[in-house]
Amino acid sequence: MVATEVCDTVGRDPRFELAAAEGARNNWAAAIAIFRDIAGSANSEYDKRKASRQLAEAARKSGDLGLARTVLKQHFIAYPNDTQGRPELAKLVEAINSAERQPENRYWENRSEFVYLFVAKTISQLIASNANVVADVGSNGTPILEWFPNVPFRYSVDLRKPYRAENIRSIKKDFLNWKPTRKVNVLTCLQVMEHLAQPELFAIKMLSLAEICVVSVPYMWPAEKNKYHLHDPVDEAKMLSWFGREPNFAYIAREISTESRLIHVYDGRDTKRWHKIRAEQFRFRWSLRGSESVLGESERT
């Protein structure tokens, strides 16, 4: 075994230098081709093993993570004890994890600690504490619905990127054309309306579809602040023009960065103003979970 290892280390294929030169020019396709050729035809087992490792590295650096994964899988089948391949495996795992964080998830990561999201989450969880059906509209892949793990029916509705996860009903559709089969108890729509060409149609649809709507928008942002916003500055008067009524509850969430967002809650049952939100207001509004232990399943209504 020792003699074999010594023999394996003899010689270095001159094609390694060619591959390295191509890699230095970021010509990864050429480097990959050369490493593949070395791995298949080198005289030394040492060179074959080294070329296999570097082929995986070149594939990773080129962005072809599928090829890198395949090469490393074959590499460790052929060389299960190659400790020098482990750092490349670790780098590939990191690259795959990074690639799987889609832009919408990075968007979420960048703002997950924002004040307005804390406020919206607190409000929504108090209201939906015993809801049966919750919908998040304009999700853009963000995990708003994870705020409600105990709600039986959760819908993520988005024209392009509904949130996808276990026990989530992902609806890739124009919200204005969506017809849920169940009455929505609580609907969230966060940082969406400022992007819409006709936000008043969205508002009418939300109010007709859900018993309670929790909506957030940028508050009094200058028109030039965000090129993707169609309606800045948004204020209470503009929200009134869209929804055609005053909210039951309003809150201005100010970030440390001085940006603010307006959070409105609309109850379809009445327009009475709320001074605060308590879970007790909604505890028995939609369901009587746990009643089967008292009344029996057949007695539940």
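The values are calculated or read from the model by the stated rules, or taken from the named source; none is laboratory data. As the structure is a computational prediction, the values presented were derived from the model and not from experiment. For neighbour counting, all protein chains shown are included, and Cβ atoms are generated from backbone atoms with ideal geometry for every residue, glycine included.
Out of the residues in region 25-46 that are part of a helix (DSSP H, G or I) and of a type outside the set (A, V, I, L, M, F, W, C), which is nearest to residue 59 (Cα to Cα)? Ranking the candidates gives 36 first. There is at least one residue in region 240-254 that is free of Cβ contacts under 8 Å to residues at least 24 places away in the same chain, farther than 20 Å from residue 115 by Cα and surrounded by fewer than 20 Cβ atoms within 10 Å (Cβ to Cβ). State which residue is surrounded by the fewest Cβ atoms within 10 Å (Cβ to Cβ) when the search covers only region 19-48 and only residues that are within 14 Å of residue 67 (Cβ to Cβ) and either hydrophobic (A, V, I, L, M, F, W, C) or over 37 Å from the mean Cα position of the chain (by Cα) (or both). In this case the residue turns out to be 29.
The number of residues in region 110-153 that are of a type in the set (Phe, Trp, Tyr) and part of a loop (DSSP other than H, G, I, E, B) comes to 2. What about residue 188, is it of a type in the set (S, T, N, Q) and farther than 25 Å from residue 252 by Cβ? Against the criterion (of a type in the set (S, T, N, Q) and farther than 25 Å from residue 252 by Cβ), residue 188 does not qualify. Applying the criterion of at least 3 residues that are within 28 Å of the chain's Cα centre (by Cα) and within 26 Å of residue 178 (Cβ to Cβ) to the strands (runs of 3 or more DSSP E) found wholly in region 188-283 leaves 210-218, 260-267.
Looking at region 68-85, which of the residues that are of a type in the set (D, E, K, R) and part of a helix (DSSP H, G or I) is nearest to residue 48 (Cα to Cα)? Quick ask: steps written out before the conclusion?
Within region 68-85, the subset of a type in the set (D, E, K, R) is 69, 73, 82.
Applying the additional criterion that residues be part of a helix (DSSP H, G or I) yields 69, 73.
Details: 69: 18, 73: 15 Å.
Looking at residues that are of a type in the set (D, E, K, R) and part of a helix (DSSP H, G or I), I get 73.
Answer yes or no as to whether residue 64 is at pLDDT 90 or above, of a type outside the set (A, V, I, L, M) and outside the structural domain of residue 162 (by TED's automatic domain parsing). Give the derivation first.
Values: at pLDDT 90 or above: no; of a type outside the set (A, V, I, L, M): yes; outside the structural domain of residue 162 (by TED's automatic domain parsing): yes.
No; evaluated as a whole, the condition is false for this residue.
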